[in-house]
Structures are given as C-alpha cells and as structure tokens.
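Below you'll find the structure, written out as structure tokens, and then a few comments.
The values are calculated or read from the model by the stated rules, or taken from the named source; none is laboratory data. Just so it is clear, the structure is predicted and the values come from calculations on it, not from any experiment. Here Cβ is always computed from backbone atoms with ideal geometry, including for glycine, and neighbour counts include all displayed protein chains. What goes into the accessible areas is simple: the full protein's heavy atoms, side chains included, and nothing from ligands, DNA or RNA. Shrake-Rupley method; radii C 1.70, N 1.55, O 1.52, S 1.80 Å.
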Amino acid sequence: MAGPLLGQSAPEPVPSAEVPGVALPADLDRVLRDYERAWRAGNAAALAALFAEDGFVLQSNRPPIRGRSAIRTAYEGNSGGSLRLRALAFSAGETTGYIIGAYGYGDGPGDTGKFTLTLRRAPGEPWLIFSDMDNANAPPRQRSAPGTPSPAELPAAGN
C-alpha cells in the first residue's frame, strides 16, 4: 500500500477533503503504521516482511512483483521519506480483508495517490499484505510515438 516504489518523485498533492478517512481496528491499523515506519526507515526487509510469502506489489506502468524476496529487492533503495497513509474504507473477516486508502508525503495537506491492500491471515495470526496496488493521483504524462514532435517542437498557432 502504500507508496510507490519511486516515492521520492511524488506528484503534487490533491486535496483530501473529498473523501474522509476512517478509523481502523487496531489489528488493521498496525499494517499501515508498520508500513509507514519501514518505508520511512528505508528498510526493504521490514517492508517485505509485511507481505505474505506469495504476495504481490502492483503498480501503474510496471509489471507485477510477486513473492516476498522479489518485493524486498524491489524496495531496496526505493523507499524512504515521510510517507503517510490513511484509510478510506475497509472490511475484514476471519482470514481475508482489505483496506482502501490514500497516501501522501510530508506534513502538507492532500493526498498524492491511492491504494488498495488485500490482506490475508491464518486464524489468530497478524494480518499480512497479499496485494498492494497503488497509483498516483496526477494524470500520466503523455508519451509521443517515436518520430512525433513534442509540443515544444510544434509551430505556434497562427504561424
């Protein structure tokens, strides 16, 4: 959940007043707070430990990452910074649950992105992240086809 692997280049925040946050039960809130602590410390091993052994990280414009070892490798050198997470909705049963949330960086207002966490646990065990899907709130940058001039290379209107 989280923050994107390239969290250092976060997009501009979008005001968060549109969707209010919700309070989570302590066992679900622990997942978000542990994620924040591990991210802020740049601790890839601690981040990966929050995931199920066969868990996924699913980000925009990147192939899926599956498995705790691959997740650790993906987070090495790509975490750190003042990530903050907030829940927008959740549900939890005995062994499966989810959190829908928003993330931002620093103390500024607004969210820079959103996430969904699918959670799984054995009865009586702590929740683990089975899948973390996130994306930024900013629209993707337009990519030109090879050989297509960029907007700066096009003639100005009226010329």
* Modelled label-to-label distance, Ala41 and Glu53, 7 Å Cα→beta-carbon offset: nm? -> 2.4
* Asked: Leu50: accessible area at probe 1.4 Å, nearest 10 Å²?
  -> 20
* Structure fact -> Each label sits 7 Å from Cα toward the beta-carbon; between Ala138 and Ser82 the label points are separated, in nm, by 1.8
* Asked: In the neighborhood of Asp54, defined by Cβ-to-Cβ distances under 10 Å, what is the net charge if each Lys or Arg adds +1 and each Asp or Glu adds -1?
  -> +2
* Structure fact -> Env charge @ Glu18, Cβ radius under 12 Å, K,R +1 / D,E -1, value 0
